[in-house]
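First comes the structure, then the notes that go with it.
The values are calculated or read from the model by the stated rules, or taken from the named source; none is laboratory data. These figures come from a predicted structure and were not determined experimentally. Counting neighbours? That spans all protein chains shown, and the Cβs are built from the backbone with ideal geometry, glycine included. The area values use the complete protein model at the heavy-atom level, side chains included, leaving out ligands, DNA and RNA. Shrake-Rupley method; radii C 1.70, N 1.55, O 1.52, S 1.80 Å.
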Amino acid sequence: MPVLNERDYLRRAVESVLAQELDVPSELVLALAPSTDGTDELAAELAAADDRIVLVRNPAAHIPVGLNIAIRAGSHPTIVRVDAHSELEPAYTRRAMETLDRVGAANVGGVMRADGRSPFQRAVARAYNSPMGLGGGAYHGGTREGEAESAYLGVMRRAVLDEVGLFDETVRRGEDWELNLRIRRAGYRVWFDPSLSVTYWPRESWPRLARQFFATGRWRGELVRRYGRGNSLRFFAPPLLVLAIAAAVIVGVLQLTGIAAGGWGLAASVVYLPLIAYVVLVVATALGRGGGTGWRDRLWTAAVLPTMHLAWGSGFVVGVVRGAHDTVDTSRLRDRNTPLP
């Protein structure tokens, strides 16, 4: 479990891991980045109360670096990736290990079930759980078991990780997707099992959500530069939305200034159609079952969806054009483009 500034979530995340229904030896390795909110002190308190908890340092603070440090510190043949913003069901690990053996997979993941504590966080959770929100990936609500492109978190065979080279420490976001791509290219299975469920707590504020999605989108753009067609087509929807908005703005200016007039101006109006369709989809989602209960919930849902799509899509465009470079997710920090305090 890589950890950075997670005091509000760490205890419950750790308790859910320690409560796993297992009949084999286990340990929980926390890779501690330099936190500023008392997370390290809480981690030390938890470790003092249970000798299954192992603390290691992740001075670079990057997630893939912390994951690799924790994996190398571990001593068991099965690696369970967990997140400080998530909580596992008690039977999660046992069922995942059974599925690993049953289907001969190298990595098994389940459903990410987002949840929230505040009205805004619950709106983000509804967006995560909706096909409209994150593009309909299997682990965002799929019900059919089978081979998958990637896995949320993941329960993995250590021998396969050693073979393919652990997480790529040059990839700051999307590191799980990149690892699973190498696993699949090495001839192994990545498997989705909808009977596995993990509760995930998304970002709690609008600026943090936008920063998270911009960084993630920029790294997806970088991964497109690196791997091209290895990326699913669904990743291209948000950047196409951003480009459609840019085209609509340009056409609108040309029409208002009279440069695009007559038949040409009318023909150019076709650029507005995708935006109209998008607005209709957002409104339909907000008013539907996935929009929540009450008008406030529905307004939050209608606001959160474009925030996620436009931040991610803008980051993607920048990432494709310029690369990701040292971009990191600062959504758990203040306003710096560095994970270090």
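Points worth noting:
- Single condition residue 87 does not satisfy, out of (1) out of contact with any Lys or Arg (no Cβ under 9 Å at 6 or more places or on another chain); (2) open to solvent by 10 Å² or more (accessible area, probe 1.4 Å); (3) part of a strand (DSSP E or B): (1)
- Among the conditions (1) open to solvent by less than 20 Å² (accessible area, probe 1.4 Å); (2) closer than 30 Å to residue 124 by Cβ; (3) touching a strand residue (DSSP E or B) at 6+ places or on another chain (Cβ under 7 Å), residue 63 misses just one, which is (1).
- The set of residues in the range 95-124 that are farther than 17 Å from residue 145 by Cα and basic (Lys, Arg) comprises 117, 122.
Matching residues to (1) at pLDDT below 95; (2) within 27 Å of residue 26 (Cβ to Cβ); (3) open to solvent by 10 Å² or more (accessible area, probe 1.4 Å):
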| residue | (1), (2), (3) |
| --- | --- |
| 164 | no, yes, yes |
| 191 | no, yes, yes |
| 202 | yes, no, no |
| 218 | no, no, yes |
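- Some residue of the range 2-20 being over 23 Å from residue 197 (Cα atoms) and in contact with a strand residue (DSSP E or B) (Cβ under 9 Å, 6 or more places away or on another chain): yes
- Criterion violated by residue 58 - all others in (1) within 30 Å of residue 291 (Cα to Cα); (2) open to solvent by less than 10 Å² (accessible area, probe 1.4 Å) satisfied: (1)
- Residue in the range 133-140 that is more than 14 Å from the chain's Cα centre (by Cα) and on the phi < 0 side of the Ramachandran plot present: no
- Checking each residue in the range 110-149 for being modelled with pLDDT under 90, in a helix (DSSP H, G or I) and of a type in the set (Ser, Thr, Tyr) picks out only 139.
- Only one of 315, 230 that is crowded, with 19+ Cβ neighbours inside 10 Å and in contact with a helix residue (DSSP H, G or I) (Cβ under 7 Å, 6 or more places away or on another chain): 315
- Residues that are at pLDDT 95 or above, open to solvent by 30 Å² or more (accessible area, probe 1.4 Å) and closer than 25 Å to residue 60 by Cβ, drawn from the range 18-37: 27
- Taking (1) among the hydrophobic types (A, V, I, L, M, F, W, C); (2) more than 30 Å from residue 104 (Cβ to Cβ); (3) open to solvent by less than 30 Å² (accessible area, probe 1.4 Å) in turn, residue 71 satisfies each apart from (2).
- Within the range 17-35, tally of residues that are assigned to a loop (DSSP other than H, G, I, E, B), closer than 20 Å to residue 69 by Cβ and not charged (D, E, K, R): 4
- Against the test of being modelled with pLDDT of 90 or more and out of contact with any Phe, Trp or Tyr (no Cβ under 7 Å at 6 or more places or on another chain), the options 289, 336, 298, 332 yield a single qualifying residue, 298.
- Pick from the range 253-299, criterion in contact (Cβ under 8 Å) with a residue 12 or more places away in the chain and of a type in the set (D, E, K, R), ranking: most open to solvent (accessible area, probe 1.4 Å): 296
- A residue that is without any contact (Cβ under 8 Å) to a residue 60 or more places away in the chain and of a type outside the set (Gly, Ala, Ser) can be found somewhere in the range 101-119.
- Pairs, first under 19 Å from residue 93 (Cα atoms) and acidic (Asp, Glu) in the range 141-158, second modelled with pLDDT of 95 or more and open to solvent by 50 Å² or more (accessible area, probe 1.4 Å), C-beta under 8 Å, six or more apart: 147/189
- For the range 38-55, the set of residues classified as open to solvent by 60 Å² or more (accessible area, probe 1.4 Å) and either in a strand (DSSP E or B) or in contact (Cβ under 8 Å) with a residue 12 or more places away in the chain (or both) consists of 52, 55, listed by residue number.
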